[in-house]
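Structure first, then comments.
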Amino acid sequence: MSDKTAAIRDYVYSLFNDDVAGHDFFHMKRVAHMAKDIASREQADLFICEAAGWVHDIGDRKLFSDSEQALEELEHFLQSIHCTHEEINGIRAASKDVSFSKGIIPATLEGRIVQDADRLDAIGAVGIARTFAYGAANGQLLWHDSWDRQQSTSIQHFYDKLLRLKDMMNTATGAQIAAGRHQFMKSYLKQFFREWQQH
Ligand code: NI
């Protein structure tokens with residue numbers, strides 16, 4: 001790990017170490033490492049992908065009360081560790097449009113890779129765990145089968161978002177990894193409903 005990457009990791013740790021609802025430090029770590037892995041298979045810039053993976057949730061409006069200020073502080077931090085102008089622009093371009101809710105395909109290859117890495121972390125075994133952690137933190141039930149209730153559930157989130165992600169991958173590498181995780185989620189749901197109905 002380069003000195004710059006280590007400094008970025010420590011900065012991210014200071015921001016996310018106390019989140020327990022799915023956007024914790026280890027989410028950033030998994031996304032950074034996955035982005036770097038995909039980058040090496042897609043001939044993209046390894047440093048930009050890893051760095052943008054680390055910082056991709058900084059400034060997210062769900063997590064930061066002042067999004068602009070968080071992004072400005074990040075830029076100052078990157079300058080302070082001697083990232084070049086080009087690197088800072090590359091990291092910004094690769095992290096700013098990653099979020100699912102924006103509904104944007106990032107303009108750079110590095111951005112498309114970080115978006116794939118972030119979406120891969122939302123599916124599969126880790127994705128399932130994060131979904132229930134997030135649901136619990138937001139007061140949601142696991143699932144309910146009474147039709148007169150409107151309340152959203154963690155299981156509903158699989159159908160609203162998670163099962164759609166495999167067809168939204170930007171890179172061939174991302175699509176390949178997503179296919180396996182998608183299958184795992186489908187068998188998980190099958191088993192979940194089997195147990196739910198067993199009484
Ligand atoms: Ni994320």
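Exactly one residue out of SER146, SER99 is among the small types (Gly, Ala, Ser) and surrounded by 13 or more Cβ atoms within 10 Å (Cβ to Cβ), and it is SER99. Within region 56-71, the presence of a residue that is aromatic (Phe, Trp, Tyr), in a helix (DSSP H, G or I) and either farther than 21 Å from ASN170 by Cβ or within 15 Å of the ligand (Cβ to nearest atom) (or both) is excluded. The set of residues from region 1-25 being modelled with pLDDT under 95, open to solvent by 70 Å² or more (accessible area, probe 1.4 Å) and within 16 Å of the ligand (Cβ to nearest atom) comprises ASN17, VAL20.
The residues of region 118-139 that are within 16 Å of the ligand (Cβ to nearest atom), small (Gly, Ala, Ser) and assigned to a loop (DSSP other than H, G, I, E, B) amount to a single one, ALA122. Filtered by the rule that a residue be β-branched (Val, Ile, Thr) and open to solvent by 40 Å² or more (accessible area, probe 1.4 Å), region 76-91 gives a lone residue, THR84.
Among the residues of region 140-187, what is the count of those that are assigned to a loop (DSSP other than H, G, I, E, B) and more than 19 Å from SER101 (Cα to Cα)? It would help to see each step written out before you state the result.
Of all residues in region 140-187, those assigned to a loop (DSSP other than H, G, I, E, B) come to 140, 142-152, 161, 169-171.
Next, only the ones that are more than 19 Å from SER101 (Cα to Cα) stay: 140, 142-151, 171.
Qualifying residue count for the region: 12.
Residue count for region 22-44 under the criterion of being among the small types (Gly, Ala, Ser), within 24 Å of THR131 (Cα to Cα) and either in a loop (DSSP other than H, G, I, E, B) or touching a strand residue (DSSP E or B) at 6+ places or on another chain (Cβ under 9 Å) (or both): the result is 1.
The values are calculated or read from the model by the stated rules, or taken from the named source; none is laboratory data. Because the structure is predicted, anything quoted here is derived from the model rather than measured. As a convention, Cβ positions derive from the backbone with ideal geometry for all residues, glycine included, and neighbour counts pool all protein chains shown. Heads up: the accessible areas ignore ligands, DNA and RNA and are worked out on the full protein's heavy atoms, side chains in. Shrake-Rupley method; radii C 1.70, N 1.55, O 1.52, S 1.80 Å.
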